[in-house]
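S.K.: Once you've had a glance at the structure underneath, I'll fire off some questions.
The values are calculated or read from the model by the stated rules, or taken from the named source; none is laboratory data. Predicted model, so just to flag it, every value in this text is computed and none were measured. Don't worry about glycine lacking a Cβ; one is built from the backbone with ideal geometry, like all the others, and counts go over all protein chains shown. Ligands, DNA and RNA are excluded from the accessible area calculation, which covers all protein heavy atoms including side chains. Shrake-Rupley method; radii C 1.70, N 1.55, O 1.52, S 1.80 Å.
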Protein chains: 2
Amino acid sequence: MPEEPRRQARGQRRMVQLLDAAAVVFAEAGYAKATTNAIARQAGVSPGTLYQFFANKEALAEALAERYRSELAAAHEKAFDPGTAQLPLPELVDRMIRPMVEVNLENPGFKALFGSGDLPDKLTAPTRALQKAVTGRVAEVLAARYPDLPSDRLATTSAVATQIFAALLGTIVTTPATERERWISELNQALVGYLTPLDQRV
Amino acid sequence: MPEEPRRQARGQRRMVQLLDAAAVVFAEAGYAKATTNAIARQAGVSPGTLYQFFANKEALAEALAERYRSELAAAHEKAFDPGTAQLPLPELVDRMIRPMVEVNLENPGFKALFGSGDLPDKLTAPTRALQKAVTGRVAEVLAARYPDLPSDRLATTSAVATQIFAALLGTIVTTPATERERWISELNQALVGYLTPLDQRV
DNA sequence: GACAAACACGAGTAAATGCTCGTATTTTTC
DNA sequence: GAAAAATACGAGCATTTACTCGTGTTTGTC
């Protein structure tokens, strides 16, 4: 197997450029229809150069997903101080939702990698990783709020909550800014409604 | 524009065969990755024959979506007698959900046309039609239950409910039959949770 | 400054895929 | 039963697209 070359500064910059470009093209065309040539063009670079840094389209998507994952983690880190988990449910949900929506608005490519339920086969790998990261984050918060929730219930609940979230995210980011709050509040209601029974357990 | 030829009995049968085949291939590969040649092969027919009946891949998908739409309408027709709308919320939701899940299990292609949130561009046309049909059905039921709900709230609510439903449908039909009930009940809880506030309005 | 490693180019390739078209067979029409 | 219309075939065209490769340039190392 060919070793990863030792990247120099110029190379690092190129990789960032390429990821930026990929985000734009993924956002415009969706993962499946996005062509590597278009991504290279968007980055102002030849197709050969793209492949100097990423083995294939999937690797590119994976790297982009990784970037999103860490941006998301940072955003959540910022939004959560200890004690947040004990807030009233609507506020807790709001604090989970906001950062995600913002990351999404700032990184239009996000939805393309996160959103679509069933992309063909292996193409889903980066998607699944992202979904898993989000689900994990949700699980952490729920675990903090409901310490004695059985772990299988915890897993199910976070998975469902994440899927509900993913389902409405598309509408939220697509919608004009004026109407956005309405949909966010709708998403909030849905999640609060789903989670309320947990709050009312003995 | 070339006129639609007057179909003879043999042709009608072929069209059914082709739609069946398309459902199978869409289910296995998803819409985007499904090839028309594979569909023709699955139907035991040459590619040329396929195009004798459907102008292109999209027209094929549209026809299939239309078929699902009517199957769905029939299933719902069967599940609703007048008065259903006044049932307790969990039961009402259950009656909405069951037929959809069943149509899905019987027609594996359904999810491929209904599920994925943002397929590229025009490919979404058949998808949107299906989603719209389902949303419309949901709206009817909600309108019957909440006659004085303003029409914009009605539209929003049915759209959100449908999206929640679509999001969890994938998990439900993919999951082994033994665990299916658990996920159906989870979906039920999510929808009931979302709709409960409407029940409690003055 | 010389040598190697990393970077860059972009025309080109192989494979996939939606769809066509010339031809041949079956069914309907009269 | 003959002309017309519908059905059927399948090799292959045109296009797209992920990716390569030969060649040349820039950067780091000693």
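Conditions (1) within 14 Å of another protein chain (Cβ to nearest Cβ); (2) within 8 Å of DNA strand C (Cβ to nearest atom); (3) more than 20 Å from B:Phe114 (Cβ to Cβ), marked per residue:
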residue: B:Ala23; (1), (2), (3): no, no, no
residue: B:Ala27; (1), (2), (3): yes, no, no
residue: B:Lys33; (1), (2), (3): yes, yes, no
residue: B:Gln42; (1), (2), (3): no, no, yes
residue: B:Pro47; (1), (2), (3): no, yes, yes
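S.K.: Would you be able to tell me the number of residues in region A:192-202 that are of a type outside the set (S, T, N, Q) and either at the interface with another protein chain (Cβ under 8 Å from one of its Cβ atoms) or in contact with a His (Cβ under 6 Å, 6 or more places away or on another chain) (or both)?
M.R.: 5
S.K.: Another question, then. Within the group B:Glu77, B:Glu91, B:Glu28, B:Glu4, which residue is within 12 Å of DNA strand D (Cβ to nearest atom), out of contact with any helix residue (DSSP H, G or I) (no Cβ under 8 Å at 6 or more places or on another chain) and open to solvent by 50 Å² or more (accessible area, probe 1.4 Å)?
M.R.: Answer to the selection: B:Glu4.
S.K.: Another question, then. Out of all the residues in region A:31-45, which are among the small types (Gly, Ala, Ser) and open to solvent by less than 10 Å² (accessible area, probe 1.4 Å)?
M.R.: Correct list: A:Ala34, A:Ala40.
S.K.: Would you mention how many residues in region B:1-21 are within 12 Å of DNA strand C (Cβ to nearest atom) and either under 15 Å from B:Ala63 (Cβ atoms) or not polar (S, T, N, Q) (or both)?
M.R.: To start, the set of residues in region B:1-21 that are within 12 Å of DNA strand C (Cβ to nearest atom) comprises B:2, B:5-14.
Keeping just the survivors that are either under 15 Å from B:Ala63 (Cβ atoms) or not polar (S, T, N, Q) (or both) gives B:2, B:5-7, B:9-14.
The number of residues fulfilling the criteria is 10.
S.K.: Return yes or no: is A:Lys57 under 30 Å from A:Ala144 (Cα atoms), of a type in the set (Lys, Arg) and either without any contact (Cβ under 8 Å) to a residue 60 or more places away in the chain or within 15 Å of DNA strand C (Cβ to nearest atom) (or both)?
M.R.: Taking the combined requirement at face value, the residue does not satisfy it.
S.K.: Next up: Return the total of residues in region A:31-45 being within 7 Å of DNA strand D (Cβ to nearest atom) and modelled with pLDDT under 95.
M.R.: Going through region A:31-45 one residue at a time, the tally reaches 2.
S.K.: Something else: With (1) in contact with a Ser or Thr (Cβ under 7 Å, 6 or more places away or on another chain); (2) at pLDDT below 95; (3) within 14 Å of DNA strand D (Cβ to nearest atom) as the list, and B:Asp121 as the residue in question, which single condition is left unmet?
M.R.: (1)
S.K.: If you don't mind, another one. Which residue, of A:Ala125, A:Ala143, A:Ala129, A:Ala167, is surrounded by 19 or more Cβ atoms within 10 Å (Cβ to Cβ) and part of a helix (DSSP H, G or I)?
M.R.: A:Ala167
S.K.: Can you name the number of the only condition in (1) within 14 Å of another protein chain (Cβ to nearest Cβ); (2) surrounded by fewer than 18 Cβ atoms within 10 Å (Cβ to Cβ) that B:Phe110 fails?
M.R.: Only one criterion in (1) within 14 Å of another protein chain (Cβ to nearest Cβ); (2) surrounded by fewer than 18 Cβ atoms within 10 Å (Cβ to Cβ) is unmet by B:Phe110, namely (2).
S.K.: Being within 16 Å of DNA strand D (Cβ to nearest atom) and of a type outside the set (Ser, Thr, Tyr) is true for just one of B:Leu64, B:Leu60. Which residue is that?
M.R.: B:Leu60
S.K.: Follow-up question, since we're still on this one. How many residues are open to solvent by 80 Å² or more (accessible area, probe 1.4 Å), of a type in the set (Ser, Thr, Tyr) and more than 10 Å from chain B (Cβ to nearest Cβ) if we restrict to region A:170-191?
M.R.: Matching residues across region A:170-191 total 1.
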